[in-house]
Amino acid sequence: MGKYFGTDGFRGEANVNLTVEHAYKVGRFLGWYYGQDHKANIVIGKDTRRSSYMFEYSLVAGLTASGADVYLLHVTPTPSVSYVVRSEGFDCGIMISASHNPYYDNGIKVINGSGYKLEAEVEEKIEAYLDGELPEIPFAKRENIGRTVDYAIGRHRYIGYLISLATRSFKQVKVGLDLANGSATTVAKGVFDALGAKTYVMSAEPDGTNINTGCGSTHIEKLQAFVVENGLDVGFAYDGDADRCMAVDEKGNVVDGDLILYLCGVYMKNHGELNNNTVVTTIMSNLGLYKAFDKAGIDYEKTAVGDKYVYENMMANGHSIGGEQSGHIIFSKHATTGDGVLTSLKVMEVMLESKMPLSELLKDIVIYPQLLKNVRVQDKKKAKEDPDVMAAVEEVAKELGDDGRILVRESGTEPVLRVMVEAASDEICRVNVDKVIEVIRKKGHAVEK
């Protein structure tokens, strides 16, 4: 990770550690970088945060001042930007979003011409420019100044693409959608309606400050109740920029990314579509998932946390599906990033083709209790590598043995350490997570509110 760019772009609190000046200079650099031998064409999407509009205008000013033409998708999911970039020949795309973070945070995620996250070496050059370590970029003049184009049609083409991927009609299926008051509000309901579903929608009235607030994939309990109360067949919840999907079965049980990987992995294996007989996971995936894969005869890879690393592994090895427990699922035949709406369509395909309810399809997988707690710290690396913290982690690992595990990792986007324990019971998880967090606090690493 660099000074500004983490695992998922340049993220921070709007106008605190991610400012309009930052956005303007990112635009200035990208407009120049991609326009050195031709007029750059760059597409921008955004989520529903109040600050997204501010950052959009700042980026546009910087891009056009450097001579780039800018195409505006307006409020749209992150995967739609990736789709438009790779299918319509743009030099790069920019998504303005902080994903599942609170409304006051925001981010600038740059997508390269292949529809994938920007190369680290280009991010390093942007950071050098932001810090004044590169010569000033010349302004475009006269007819070379860039222009802006309303490009809502790009989002509509993405919607059409999603609809084209469905293998069956959704007629008579009652589907609940939690749109997180975010980017999915412009896409998801239209897709499900077009495919014939009886669609029930919640969290679909963004006001700039309610994105992810008590709703969406990070607050799945709201959708659980919604599905049960309305007698729905299935529910899907997205995050702020709709690149994640979590599901709820007809009984109100949560179906997270691990369960979706199992569901779709087994389905793809049975249909000859699971390349290399392998599913790509991250180190955060549940022990129960691996035991279920072993039973099903499916191989698996483990990467660092982040869909970036999942996709890199998939591309390097030719795998067809991978993802994270949090709901970032990548289907390499159809997309280069996690895509929440696409994931929900794939889950629907499994249900409809098998003619079985979601709960029945997942009855053979047993998920270990897992507890994850976040600790805000002054210095992530220093806290994680503190000898006493490391000793506490080692002690827990020995106690758990083969019946569980502990994982402590740094957040890629926040000043946070994540402490996770899997074990045979919720109580064992709680005791051991708290044991490590107590040491972090005693050593003075935690930032207390």
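The values are calculated or read from the model by the stated rules, or taken from the named source; none is laboratory data. Computed from a predicted model, the values in this text were never measured in an experiment. Note that each Cβ is placed from the backbone with ideal geometry, even for glycine, and that neighbours are counted across all protein chains shown.
Of note:
Listed here are the residues, each with its yes/no results for (1) hydrophobic (A, V, I, L, M, F, W, C); (2) under 20 Å from Ser359 (Cβ atoms).
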residue: Ala247; (1), (2): yes, yes
residue: Val255; (1), (2): yes, yes
residue: Ile283; (1), (2): yes, no
residue: Gly306; (1), (2): no, no
residue: Ile330; (1), (2): yes, no
residue: His334; (1), (2): no, no
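- Qualifying positions in the range 285-324 - touching a residue at least 60 places away in the same chain (Cβ under 8 Å), crowded, with 17+ Cβ neighbours inside 10 Å and under 12 Å from Val266 (Cα atoms): Leu289, Ala292, Ile321
- Strands (runs of 3 or more DSSP E) wholly inside the range 366-433 containing at least 3 residues that are β-branched (Val, Ile, Thr) and outside the structural domain of Leu289 (by TED's automatic domain parsing): 416-422
- Qualifying residue in the range 229-246 (condition: surrounded by fewer than 24 Cβ atoms within 10 Å (Cβ to Cβ), at pLDDT 95 or above, among the charged types (D, E, K, R) and in contact with a Lys or Arg (Cβ under 9 Å, 6 or more places away or on another chain)): yes
- Selection within the range 191-201 - within 18 Å of Arg244 (Cα to Cα), among the aliphatic types (A, V, I, L, M) and assigned to a helix (DSSP H, G or I): Val191
- Taking every residue in the range 37-48 that is in the same structural domain as Leu73 (by TED's automatic domain parsing) and pairing it with any residue that is among the basic types (Lys, Arg), at least 6 positions away or on another chain, the pairs with Cβ-Cβ distances below 8 Å are Gly45/Arg155.
- The set of residues in the range 421-449 being surrounded by fewer than 20 Cβ atoms within 10 Å (Cβ to Cβ), under 16 Å from Pro369 (Cβ atoms), of a type outside the set (Lys, Arg) and out of contact with any Gly (no Cβ under 8 Å at 6 or more places or on another chain) consists of Ser425, Asp426, Glu427, Val431, Asp434.
- Against the conditions (1) out of contact with any strand residue (DSSP E or B) (no Cβ under 8 Å at 6 or more places or on another chain); (2) crowded, with 17+ Cβ neighbours inside 10 Å; (3) under 19 Å from Met246 (Cα atoms), Met351 satisfies every one except (1).
- Residue within the range 247-259 that is among the β-branched types (Val, Ile, Thr), in contact with a helix residue (DSSP H, G or I) (Cβ under 7 Å, 6 or more places away or on another chain), at negative phi and surrounded by fewer than 23 Cβ atoms within 10 Å (Cβ to Cβ) present: yes
- In the range 150-190, the qualifying residues are those that are among the polar types (S, T, N, Q) and more than 22 Å from the chain's Cα centre (by Cα), and the one that is farthest from Ala242 (Cα to Cα) is Gln172.
- Residue match in the range 39-62 (condition: modelled with pLDDT under 95, part of a strand (DSSP E or B), surrounded by 23 or more Cβ atoms within 10 Å (Cβ to Cβ) and out of contact with any His (no Cβ under 7 Å at 6 or more places or on another chain)): no
- Selection status of Leu362, at pLDDT 95 or above and touching an Asp or Glu at 6+ places or on another chain (Cβ under 8 Å): yes
- Lone unmet requirement of (1) assigned to a loop (DSSP other than H, G, I, E, B); (2) over 20 Å from the mean Cα position of the chain (by Cα); (3) assigned by TED's automatic domain parsing to the domain that holds Leu232; (4) surrounded by fewer than 20 Cβ atoms within 10 Å (Cβ to Cβ) for Ala204: (2)
- One residue stands out among those in the range 392-407 that are in contact (Cβ under 8 Å) with a residue 12 or more places away in the chain and farther than 14 Å from Val419 by Cβ: the one that is surrounded by the fewest Cβ atoms within 10 Å (Cβ to Cβ), which is Asp403.
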